[in-house]
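Chemist: Structure provided below as structure tokens; questions to follow.
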Amino acid sequence: MRKKINILKEKSLDAQMVEVYNEAMQEFEKGDVIYAGRKFSEAELLYPQSIWAPRAILMSAYGYFSQGYYKDAINDLNRFLIKYKNHPQTDYAYYLLALSHYDQIIDEKKDLKEILEAKKYFEIIINNHPDTDYASDAKYKLDYIVEIIASKEMYLARYYVEREKWIPAINRFKKVVTEYDSTIYVEEALHRLVELHYKVGLISEAEKYAYLLGYNYQSGKWYEASYKILNNNYENRKIASKDNKETILKKFKKLFK
């Protein structure tokens with residue numbers, strides 16, 4: 001008899017959970033995501049073992065995300081990933097989590113935390129869920145994030161240059177060359193390294209960076225500017241273009257061996 005009572009209670013609890021979930025869906029469809037989020041959370045807490053519980057968290061997170069309540073969405077998604085690690089929609093949870101950080105990026109000068117968090121979760125999607133549609137979009141957005149990070153490094157480097165702090169500026173420009181060599185900023189960064197090394201009297205170092213700049217961007221304005229800096233003691237060498245797949249980073253490492 002006791003066993004039968006427990007079964008009846010469980011069914012009753014499941015029915016209550018579905019009822020609350022449906023009520024939350026109705027509010028969500030009306031556009032009241034705050035109230036809907038509360039009801040979804042209530043449904044999940046009511047019966048966390050139900051198949052509806054993880055769905056409730058994801059719906060709550062999506063509702064918050066869709067209206068720009070990113071912190072609430074992030075809280076729901078983190079809870080989902082902790083409680084339902086092996087759920088089949090884990091890839092979606094990571095994707096929505098990445099977007100919740102990504103959509104908060106407004107200014108690369110201020111939003112480094114959100115930039116790095118978005119980068120981390122997009123990389124998780126690419127590495128752990130490579131065959132999903134989410135991975136394809138993650139790769140696209142990750143390229144943009146890398147450009148943003150490189151832009152921030154350039155901003156900080158220029159900040160140090162304005163204050164005549166040459167060594168911190170050099171280190172920032174070096175970081176762009178070594179870690180973000182696929183971005184649009186690497187050409188200018190190489191020129192700035194020529195410029196700054198020449199300024200502090202490290203002529204041989206300036207020449208090495210000028211050589212690297214010429215190797216990759218001989219027809220560009222930054223190489224021309226670097227050549228003008230070194231024209232008294234640096235011979236302009238014509239470098240035949242090479243059709244290879246080496247990245248600028250590999251060439252950089254070879255140069256300093």
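The values are calculated or read from the model by the stated rules, or taken from the named source; none is laboratory data. In this text the structure is predicted, and so the values were computed from the model without any measurement. We place every Cβ from the backbone using ideal geometry, glycine too, and count neighbours over all the protein chains shown.
Chemist: When you scan segment 89-104, do you find a residue that is outside the structural domain of SER50 (by TED's automatic domain parsing), surrounded by fewer than 17 Cβ atoms within 10 Å (Cβ to Cβ), among the acidic types (Asp, Glu) and within 30 Å of LEU196 (Cα to Cα), even just one?
Modeler: Within segment 89-104 (the criterion being outside the structural domain of SER50 (by TED's automatic domain parsing), surrounded by fewer than 17 Cβ atoms within 10 Å (Cβ to Cβ), among the acidic types (Asp, Glu) and within 30 Å of LEU196 (Cα to Cα)), the answer is no, since none of the residues qualifies.
Chemist: A further question follows. Considering each residue of segment 47-89, count those that are closer than 22 Å to GLN16 by Cβ and among the acidic types (Asp, Glu), and give that number.
Modeler: 1
Chemist: OK, next. ASN78: surrounded by fewer than 18 Cβ atoms within 10 Å (Cβ to Cβ) and over 24 Å from the mean Cα position of the chain (by Cα), yes or no?
Modeler: So ASN78 fails the test.
Chemist: Okay, moving on. Specify which of the listed residues (TYR155, TYR134, TYR159, TYR121) is of a type outside the set (Gly, Ala, Ser), within 12 Å of the chain's Cα centre (by Cα), part of a helix (DSSP H, G or I) and outside the structural domain of ALA61 (by TED's automatic domain parsing).
Modeler: None of the others qualify; the one that does is TYR121.
Chemist: Residue check, ARG192 against (1) of a type in the set (D, E, K, R); (2) surrounded by fewer than 17 Cβ atoms within 10 Å (Cβ to Cβ); (3) part of a helix (DSSP H, G or I), all met but one. Which one?
Modeler: With respect to (1) of a type in the set (D, E, K, R); (2) surrounded by fewer than 17 Cβ atoms within 10 Å (Cβ to Cβ); (3) part of a helix (DSSP H, G or I), ARG192 is out only on (2).
Chemist: Among (1) in contact with a Ser or Thr (Cβ under 8 Å, 6 or more places away or on another chain); (2) free of Cβ contacts under 8 Å to residues at least 40 places away in the same chain, where does SER182 come up short?
Modeler: (2)
Chemist: Give VAL177, VAL161 a once-over and let me know the one that is surrounded by 20 or more Cβ atoms within 10 Å (Cβ to Cβ) and over 24 Å from GLU114 (Cβ atoms).
Modeler: Criteria check complete, one pass: VAL177.
Chemist: While we're on this one: Do any helices (runs of 4 or more DSSP H) entirely within segment 1-109 hold 2 or more residues that are at pLDDT 80 or above, and if so, which?
Modeler: Helices (runs of 4 or more DSSP H) meeting the threshold: 52-66, 70-83, 90-102.
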